[in-house]
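Structure first, commentary second.
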Amino acid sequence: MEKINVLFSEEEILKRVKELADILYQKYGDEEVTFVCTLKGAVFFCCDLLKNYKGDGRMEFLRVSSYEGESSTGKINLKLPLNAEKINGKNVVVVEDIVDTGYTLNYVRQYIKGMNPKSLIECTLLDKKARRVVDIEPTYSGFVIDDLFVIGYGLDYDQKYRNLPYIGVVVKE
Ligand code: IMP
């Protein structure tokens, strides 16, 4: 039997997402901004962020993977590339679900830099700071969390639990 302990409720998540959307709007004002959603984990976060963003927000998708089960392999695979024309000369905000070892964010940052955006920052919903292997910090993060494997609100464990509206921790009984 698996029990799930709630870490952040749907209400807590949405409150923080709205704050982040406002912080980003204050930064860019009426300039065009391209939000790059990293699939699949960030999809709910990116949609809520965009829905609450008051400025000119565009959306592009990128898919990379490094995780197998509960551990990061450190080897990044690019599964769905970006169209460089949509990035070149644009203000880009990479939207991540969670930064753990930092391998993925480091890869994505270098990959997008190579497409010459006008500006580039990152916004992650969760940050597992204590687990960092690569010396990298996302520009903005929703919540800093302990070294826990979390699921829900887009985050999965072997593709399961993404559809939960809250973020939780699986407790094995
Ligand atoms: P990193 O490359 O180790 O920083 O891992 C980043 C990616 O691993 C995230 O985008 C997630 O897809 C996945 N990941 C890391 N920690 C967790 C977790 O606690 N739950 C679910 N996925 C995670």
Segment 39-173 - share of DSSP beta bridges that are antiparallel (%, nearest 5) = 40
Stretched out fully, how many nm does the piece from ARG58 to VAL171 gain, at 0.36 nm a residue minus the Cα gap?
-> 36.9 nm
Label points 7 Å out from Cα along the Cβ direction at THR139 and GLU31: separation in nm?
-> 0.8
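Can you put THR104, THR38 in order of accessible area, largest first, using a 1.4 Å probe? Spell out each step's value before the answer.
Details: THR104 35, THR38 5 Å².
Descending order: THR104, THR38.
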Please give the helix 103-113 orientation as an angle from the longest Cα principal axis of the chain, in degrees from 0 to 90, rounded to the nearest 10.
-> 10
Using every Cα-Cα pair within the chain, state what percent have a distance larger than 29 Å.
-> 16
Just the number, please: carbon plus sulfur as a percent of the accessible area of segment 113-173, 1.4 Å probe, no ligands or DNA/RNA counted.
-> 50
Amide H neighbours of ASN91 under 5 Å, at least 5 residues apart or on other chains, H built in the peptide plane: list them.
-> THR34, LYS118, SER119
Most positive-pole-ward Cα, TYR153, SER141, SER119, against dipole of segment 116-173 from beta carbon charges | SER119
Ignoring ligands, DNA and RNA, what percent of the 1.4 Å accessible area of segment 1-92 is carbon and sulfur?
-> 48
In Å², nearest 10: area of SER66 left accessible to a 1.4 Å probe | 10
Please tell me the relative contact order of the chain in percent, rounded to the nearest whole number, where contacts are Cα pairs under 8 Å and at least six residues apart.
-> 27
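If the limit is 32 Å between Cα atoms, which of LYS15/LYS128; LYS113/LYS172; LYS54/LYS75; LYS129/LYS172; LYS86/LYS172; LYS54/LYS129 go over it? The partial results should precede the final answer.
On the way: LYS15/LYS128 20 Å; LYS113/LYS172 41 Å; LYS54/LYS75 37 Å; LYS129/LYS172 24 Å; LYS86/LYS172 44 Å; LYS54/LYS129 30 Å.
In this structure, LYS113/LYS172; LYS54/LYS75; LYS86/LYS172 exceed 32 Å between Cα atoms.
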What number comes out for the charge environment of SER141, summing +1 per Lys or Arg and -1 per Asp or Glu over other residues with Cβ under 13 Å away?
-> -3
Accessible area per residue of segment 18-108 at 1.4 Å probe, in Å²?
-> 46
Per-residue SASA entry for ASP147, accessible area with 1.4 Å probe, Å² rounded to 10 | 100
Gained length - ASP147 relative to LEU39, 0.36 nm times residue gap less alpha-carbon distance | 36.7 nm
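From largest accessible area down, sort GLU60, GLU31, GLU85; use a 1.4 Å probe on the protein chains. Working shown, then result.
On the way: GLU60 45, GLU31 85, GLU85 150 Å².
Largest accessible area first, the list is GLU85, GLU31, GLU60.
The values are calculated or read from the model by the stated rules, or taken from the named source; none is laboratory data. Note that the structure is a prediction, hence the values are computed from the model and not measured. Note that each Cβ is placed from the backbone with ideal geometry, even for glycine, and that neighbours are counted across all protein chains shown. Quick note on the areas: whole protein, heavy atoms, side chains included, nothing else; ligands and nucleic acids left out. Shrake-Rupley method; radii C 1.70, N 1.55, O 1.52, S 1.80 Å.
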